[in-house]
Amino acid sequence: MDVYSFLNELQKMPWYEGQIVHHESIPPRVPLPGELDIPLPFKLMDSLDKMGVYGLYRHQAAAINALRRGENVIVATPAASGKSLCYHLPVLEALLADRSARAMYIFPTKALAQDQLKNMDKLVPEGSRLRRGIFDGDIPSSDRADIRRNARLLITNPDMLHLGILPNHRSWYQTLRNLRYVVIDEAHIYRGVFGSHVANVLRRLRRLCRRFGSNPQFILCSATISNPGEHAQRITGLPFTVVEDDGSPYGGKDFLFWNPPMVDMAKGTRRSTNTESSQLFAELIRRMVRTLAFVRSRRTAEILYVYVRDQLRLSNPALAKRIMPYRASYLPEDRRAIERDLFEGKLLGLTTTNAMELGIDIGDLDATLMTGYPGTIASTWQQASRSGRRGERSLSVLIAQDNPLDQYLMRHPDAFFEKAHESARISPSNPYVLKPHLLCAAYEAPLIMEDTDLFGPDLLWYADELVEDGFLHVQGKRWHLTADLQYPAQDVNIRSTSANTYTLVEKDSGVILETVDEMSAFMQLHPGGVYLHQGEQYLITDLDLESATAYAALTDVPYYTEVRDYTETRVLKVYKQKNALRTTVYLGDVNVSTTVVGFRRKANVSEEVLSEEHVDLPPQSYDTIAIWFDVPGDTLDYIHRNRLDLMGGLHAVEHAAIGVLPLFAMCDRNDIGGISTPLHQDTGRPQVFIHDGHPGGVGITEHGYEIIEELWQATLDVISECPCEAGCPSCIQSPKCGNNNEHLDKQVAQMILRGILGDKGKLDEG
């Protein structure tokens, strides 16, 4: 697309009010070739020639050379850099040379598995008779036995490996006995709870391979992160060679930071991000620009689609039929139909969650919009790189939301363009994660002392606890699963710390619409709530806690719903504390108890609160890791002496700090929670708590503890630089606040942070 022509026309439109606050012009890059130590076999070179590939890039050659030396390799280069050849070529070389050799590909999504199978098919030499097959939940039962017996290249996902392959390893003996390579694509996806689970699944895989006499090499591919080697080691438990010197060509990109205009300066109110995104998206579609619009939630994917569809119906009804929403929770046949229509050009654009962030081949795209910061620098570049994948110059636009992190980036674009990518963090030893996998491992084969090499020394402690709980028993020097546990893997949801999910059912027809994890169910499926599915509104009529089923009826109302909740935090154990600047910060275990107490109905466009309702739901409680810190004594005295709102200041600091922490940790705002109080029952002091939003924690707040001084400074910047008078969503208000953002004090929050940072002059000014 002609980016500069589009931008010139865009800035002449009546609704443009200076929203472009930063324009980063990223230059094109020429390819950098690489050389193999030993040439590829002729058959593979011939396959590459037929695909129009006449040489390898520097990072591709480096990866293949290292793999041939017997090393485990992680390739951490940007999207569209040709990472798939880094594993396709050495795997095919090994399988063609040894007819007994097997390989396993693990992809995080079924769509990506289907896509990479097509790519592999292009490379397999004619007449090689190399059987390959996908083994996932969509494969008919009648085909599974044939794949199990004959597929030398097995393509699967972590869920099926966990549920279907490892517990049934006797049926997979030939594959595991002869496993030469294990490929894990999109390794940066495996972070947080999901990554911690997958790390244990892979240790179970290595454990069975070891017992069957194989020792496969691992090949990991990842988006650019700051700790690829460390991350690969933590996922697999093995040492890795890192390849991150990208040699692929690049067409260049124009990257815009777009801040919606102010509506009310005093209140800090900006025009809706969804409105801005829908106008931009519609304008691109009118110009036949193939576009992806990424959003932060399933709900927003549906809302944005409706907004754009309705705009296009007024100006060009035919184009309104060439856009669709897309998200992972759709049925497989619906997802694949949408992917196919986009690839073939029947669709011009999608509103999508991060389900489209991964490397599925959907053809040439010209533009990407990100409706709100995706949460990490790595994810933002991954989404932006979905356009311009064929070497042409492309456009990417980050449209800011009214939250502290987005607004901080709008004012400090260097914090994005000049800052190193975040570190991916997992916690495989989290007891809420590790203990269930030890039961799964014991089902597969009794646990032995030597398994500490895989699972770590915590195995001994947790195995004894599982014996006490009646899940394991000791026989000789082995831990065996008790007889009444039939199939423990089915009770372990590797994408959550909860094994339970809630099913959403259409009330009249009985059709299953979606499934929602237990941690989110009370927030989304409470009675009276409005839930969006494929652009349609559903009213939640009933939530059956016993059967974990929510019932919904199709509706058409001019509002959406937002929950109100109450959270309490109790300190269980302090295991670290340090003096930082002018205060003390603590790291420890806490119990978090959250109760959904009601919800608000808010108008679709104006977001005016129409009414509030009470709901009666049981509390959800879990143990996790938190940081908390004291208010300096002189600052506290100043606030008390002048009778200022201490609670409001602490509450505002909590909101802003939670909003900014994802800038430093590879996480989403929804992965973090917090609470603030002028007198905490366990510490006896005013306190701000920030905690991991998952049982057991996944390393987020530990990182926050390490960079706490940077976090405080960024939090102060967010609050002090915001032009509003009393606080707004861009600085201290939170969409997650269960108290409807009541009791917030912007000035006192600045006093607290300046007191901590030691800015005494500014303290007296406040």
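General remarks:
- Answer residue from the stretch 244-299, given it is of a type in the set (Gly, Ala, Ser) and more than 30 Å from Val30 (Cα to Cα) and is surrounded by the most Cβ atoms within 10 Å (Cβ to Cβ) among those: Ser277
- Leu716 being among the aliphatic types (A, V, I, L, M), free of Cβ contacts under 8 Å to residues at least 60 places away in the same chain and touching a helix residue (DSSP H, G or I) at 6+ places or on another chain (Cβ under 7 Å): yes
- Here Gly674, Gly684, Gly696, Gly659 are screened, and the one residue that is in contact with a His (Cβ under 7 Å, 6 or more places away or on another chain) and modelled with pLDDT of 85 or more is Gly674.
- Some residue of the stretch 680-693 being surrounded by fewer than 21 Cβ atoms within 10 Å (Cβ to Cβ), assigned to a loop (DSSP other than H, G, I, E, B) and touching a Lys or Arg at 6+ places or on another chain (Cβ under 8 Å): yes
- When each of Gly696, Gly704 is tested for being within 23 Å of Ala424 (Cα to Cα), assigned to a loop (DSSP other than H, G, I, E, B) and not hydrophobic (A, V, I, L, M, F, W, C), the lone residue that passes is Gly696.
- Top-ranked residue in the stretch 65-80 [being touching a residue at least 60 places away in the same chain (Cβ under 8 Å) and surrounded by fewer than 24 Cβ atoms within 10 Å (Cβ to Cβ); ranked as nearest to Pro39 (Cα to Cα)]: Ala66
- Yes/no for Ala415 being within 20 Å of the chain's Cα centre (by Cα) and of a type in the set (A, V, I, L, M): no
- Tyr54 vs. criteria of a type in the set (Phe, Trp, Tyr) and part of a strand (DSSP E or B): no
- Residue check for Arg390: at pLDDT below 95, within 15 Å of Val21 (Cα to Cα) and surrounded by fewer than 24 Cβ atoms within 10 Å (Cβ to Cβ): no
- Close Cβ contacts (under 7 Å, 6 or more residues apart or on different chains) running from residues in the stretch 11-29 that are under 15 Å from Ile399 (Cα atoms) to residues that are among the aromatic types (Phe, Trp, Tyr) comprise Gln19/Trp258; Ile20/Trp258; Val21/Phe257; His22/Phe257; Glu24/Phe255; Glu24/Phe417.
- Within the stretch 112-128, residues that are among the β-branched types (Val, Ile, Thr) reach partners that are at pLDDT 90 or above and in a helix (DSSP H, G or I) with beta carbons closer than 9 Å, at six or more positions or on different chains, in the pairs Val124/Ser47; Val124/Leu92; Val124/Leu96.
- Any chance Ser520 is closer than 30 Å to His703 by Cα, modelled with pLDDT under 90, of a type outside the set (Phe, Trp, Tyr) and out of contact with any Lys or Arg (no Cβ under 8 Å at 6 or more places or on another chain): yes
- Residue in the stretch 559-574 that is more than 27 Å from the chain's Cα centre (by Cα) and more than 30 Å from Ile627 (Cβ to Cβ) present: yes
- On inspection, Glu357 passes the criterion of being of a type in the set (Asp, Glu) and closer than 20 Å to Ala111 by Cβ.
- The residues of the stretch 583-606 that are closer than 16 Å to Leu617 by Cα and among the hydroxyl-bearing types (Ser, Thr, Tyr), listed by number, are Ser593, Thr594, Thr595.
- Test for Ser734: is it in contact (Cβ under 8 Å) with a residue 24 or more places away in the chain, surrounded by fewer than 22 Cβ atoms within 10 Å (Cβ to Cβ), of a type outside the set (Lys, Arg) and under 30 Å from Asn493 (Cβ atoms): yes
- Strands (runs of 3 or more DSSP E) fully within the stretch 123-191 that include at least 1 residues being at pLDDT 95 or above: 153-156, 179-184.
- Spans of strands (runs of 3 or more DSSP E) in the stretch 246-312 with at least 3 residues under 30 Å from Ala76 (Cβ atoms) and either in contact with a Gly (Cβ under 9 Å, 6 or more places away or on another chain) or not aromatic (Phe, Trp, Tyr) (or both): 253-258, 291-295
- Complete set of residues in the stretch 303-344 that are among the β-branched types (Val, Ile, Thr) and over 23 Å from Asp556 (Cα atoms): Ile338
- Scoring Val557 on the criteria (1) modelled with pLDDT under 90; (2) within 25 Å of Ala301 (Cα to Cα) leaves a single failure, condition (1).
- Those residues of the stretch 587-621 which are hydroxyl-bearing (Ser, Thr, Tyr) and buried (at least 20 other Cβ atoms within 10 Å of the Cβ), in sequence order: Thr594
- Of the set (1) in a strand (DSSP E or B); (2) polar (S, T, N, Q); (3) touching a residue at least 60 places away in the same chain (Cβ under 8 Å), all apply to Gln577 but (3).
- Positions within the stretch 65-116 being farther than 19 Å from Gly133 by Cβ, among the acidic types (Asp, Glu) and not in a loop (DSSP other than H, G, I, E, B), in sequence order: Glu93
- Residues in the stretch 551-567 that are hydrophobic (A, V, I, L, M, F, W, C) and either touching an Asp or Glu at 6+ places or on another chain (Cβ under 9 Å) or free of Cβ contacts under 8 Å to residues at least 12 places away in the same chain (or both): Ala552, Ala553, Leu554.
The values are calculated or read from the model by the stated rules, or taken from the named source; none is laboratory data. Please read these numbers as outputs of a predicted model, since none were measured by experiment. Quick reminder, even Gly has a Cβ in these numbers, built from the backbone with ideal geometry, and neighbours come from all protein chains shown.
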